[in-house]
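Trainee: My questions all concern the structure below.
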Amino acid sequence: MRTLCLTQPNLCGGDAVRWQQFLAARGLLNSRVDGVFGHLSDQATRAYQNKNAINGLGAVDAATLSQAANDGFAGLGVPGMDAMMNCGPFASQLAGAGIQFVARYYSRFASKALTAAEANALALAGLQLVVVYQDAGDSIASFSAAAGRQNATAALAQASALGQPAGSAIYFSADFDPDEAQIAGPLTDHFGAINDVFAAAGNPYRVGVYGSGLMCGTIRDAGLVQLTWLSQSTGFRNWIGHCPQANIVQSAPSRNLVGVSIDDDIAQTDDFGQFRLG
């Protein structure tokens, strides 16, 4: 998993939120909790380390986390990642780097879609899987009841071909910052249609959503999804408001890990729809 520290660009994500909350509760953070590990988070971390005779130089390293656990810190969450490429050849290295789950795609675009061979390689390395359906999904034009039916049908077919275990989840991506009217209109129609297709198939999987805080919270509260995965875009609507509620929080910036371009992710609940083949 990544180590929180002061970088340019700043590290952002659910792990930063949790650490800031811990520091704030001890009166060390002189700023609001915003999920961005900037200069004030660095200063607060150094103050915590100095108080506990830890030579961490502002990095939330193993020694710092160990002391924090003794002080009641619940941890940064379950470390994972998402990627656009086949991670199978790198599975053992990813596991060795501390990754516990890998999020990959179902899609009509074969170049980024998860395959059985990749899923089996990840399982052999002890890694859990999370799947998200995405073709485009980066503008409101991609969303409608018809598109929802099409996406859901394709996702179920790919899940069946893979052998995805029943009861796990398929997330569906809305990778932009919709306003309330867009959520109430085309996006609600889209996810309603997904639910209809899943229900007709006997609800073999739970439905999740990847997107903004406003999108995740609204669609969840409407009963159209059971799980939420918060986008890394902290400028999207209600990012900080939904962050503590999300099952998964994507982190920024992207980075290269053992030859794979990844986004870090933190699972904040024991059950986030994950599965492992075999």
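Trainee: Each residue of the range 39-49 in order: what ³J(HN,Hα) in whole Hz does its phi give by Karplus 6.51 cos²θ - 1.76 cosθ + 1.60, θ = phi - 60°, with x for Gly and Pro?
Mentor: So the Karplus estimates, Gly and Pro as x, are 4, 5, 5, 4, 5, 5, 5, 5, 5, 5, 5 Hz.
Trainee: Please report, in debye to the nearest 20, how large the charge dipole of the range 78-267 is about its Cα centre when each Lys and Arg carries +1 at its beta carbon and each Asp and Glu carries -1 there.
Mentor: Details: 8 positive and 14 negative charges, 80 e Å.
I would put it at about 380 debye.
Trainee: Lys and Arg at +1, Asp and Glu at -1: add these up for the other residues within a Cβ distance under 13 Å of LEU29 and post the number. Intermediate values should be presented prior to the final figure.
Mentor: Working: positive: ARG18, ARG26, ARG32, ARG46; negative: ASP34, ASP42.
Taking every other residue near LEU29 into account, the sum is +2.
Trainee: Compute the relative contact order of the range 102-241 as a whole-number percentage, counting only Cα pairs closer than 8 Å that sit 6 or more residues apart in sequence. Display every interim value, and only then the final one.
Mentor: On the way: 232 pairs, mean separation 31.4, N = 140.
It comes to 22 percent, rounded to a whole number.
Trainee: Right, something else. Listed highest first by mean packing, meaning other Cβ atoms within 10 Å per residue, what order do 91-99, 229-237 come in?
Mentor: Working: 91-99: 17.8, 229-237: 20.9.
Peptide ranking by packing, descending: 229-237, 91-99.
Trainee: Would you work out the relative contact order for the chain, in percent, from Cα pairs under 8 angstrom that are 6 or more residues apart? Present the calculation step by step, with values, prior to reporting the outcome.
Mentor: Numbers: 558 pairs, mean separation 56.2, N = 278.
Relative contact order here is 20 percent.
Trainee: Let me ask something else about it. Based on Cα positions only, what radius of gyration and what Dmax would you give for the range 24-165, in angstroms?
Mentor: Reported Rg and Dmax, both Å: 20.7, 60.
Trainee: Which value, in debye to the nearest 20, gives the size of the charge dipole of the range 194-278 about its Cα centre, when Lys and Arg are +1 and Asp and Glu are -1 at the Cβ?
Mentor: Working: 5 positive and 7 negative charges, 17 e Å.
Value, rounded to 20: 80 debye.
Trainee: In whole Hz and in residue order, list the ³J(HN,Hα) couplings for the range 266-275 that follow from phi through the Karplus curve 6.51 cos²θ - 1.76 cosθ + 1.60, θ = phi - 60°; x for Gly and Pro.
Mentor: Values, residue by residue: 10, 8, 9, 10, 5, 10, 10, x, 6, 7 Hz.
Trainee: Grab the DSSP H runs of the chain that are 4 residues or longer, score each as -39,500 (n - 2.57), total them, divide by all residues and round the 222 nm result to the nearest 500 deg cm²/dmol.
Mentor: On the way: 9 runs with 93 residues, N = 278.
Helix contribution divided over all residues of the chain: -10000 deg cm²/dmol.
Trainee: In sequence order, what are the phi-derived ³J(HN,Hα) couplings for the range 159-167 according to the Karplus relation 6.51 cos²θ - 1.76 cosθ + 1.60 with θ = phi - 60°, rounded to whole Hz, with x for glycine and proline?
Mentor: 5, 5, 5, 6, x, 4, x, 4, x
Trainee: Quick one: Cα centre-to-centre distance for the range 1-76 and the range 209-234, in angstrom?
Mentor: With the range 1-76 and the range 209-234 each reduced to a Cα centre, they are spaced 26 Å.
Trainee: Projected onto the charge dipole of the range 11-70 (+1 at Lys/Arg Cβ, -1 at Asp/Glu Cβ, origin at the Cα centre), which of ASN30, ALA59, GLN20 gives the Cα projection farthest towards the positive end?
Mentor: ASN30
Trainee: What does the charge add up to near LEU4, with Lys and Arg as +1, Asp and Glu as -1, over the other residues with Cβ less than 11 Å from its Cβ? Mind showing how you got there, number by number?
Mentor: Values: positive: ARG2, ARG18; negative: ASP15, ASP42, ASP61, ASP264.
So the surrounding residues net to -2.
Trainee: Skipping prolines and chain starts, which residues have an amide H placed within reach, meaning under 5 Å, of the one on ASP265, given they are 5 or more residues away or on another chain?
Mentor: GLY80, MET81, ASP82, SER251
Trainee: Here's another thing I want to ask about it. Multiplying the sequence separation of ALA25 and HIS39 by 0.36 nm and subtracting their Cα-Cα distance, what value in nm do you get?
Mentor: Stretched out fully, the ALA25 to HIS39 stretch lengthens by 3.2 nm.
Trainee: Per residue, how big is the convex hull around the C-alpha atoms of the range 11-70? Give it to me in cubic angstrom, could you? Present the calculation step by step, with values, prior to reporting the outcome.
Mentor: Values: hull volume 4.4 nm³, N = 60.
Measuring per residue, one finds 73 Å³ for the Cα hull of the range 11-70.
Trainee: So if I restrict to the alpha-carbon atoms in the chain, what is the Rg, and what is Dmax, the biggest pairwise distance, in Å?
Mentor: Every Cα atom of the chain included, Rg and Dmax give 19.1, 60 Å.
Quick note: the coordinates plus some simple rules give every number you see, no bench work behind them. Keep in mind that this is a model prediction, so the values were computed, not measured. Glycine also receives a Cβ, built like all others from the backbone with ideal geometry; neighbour counts cover every protein chain displayed.
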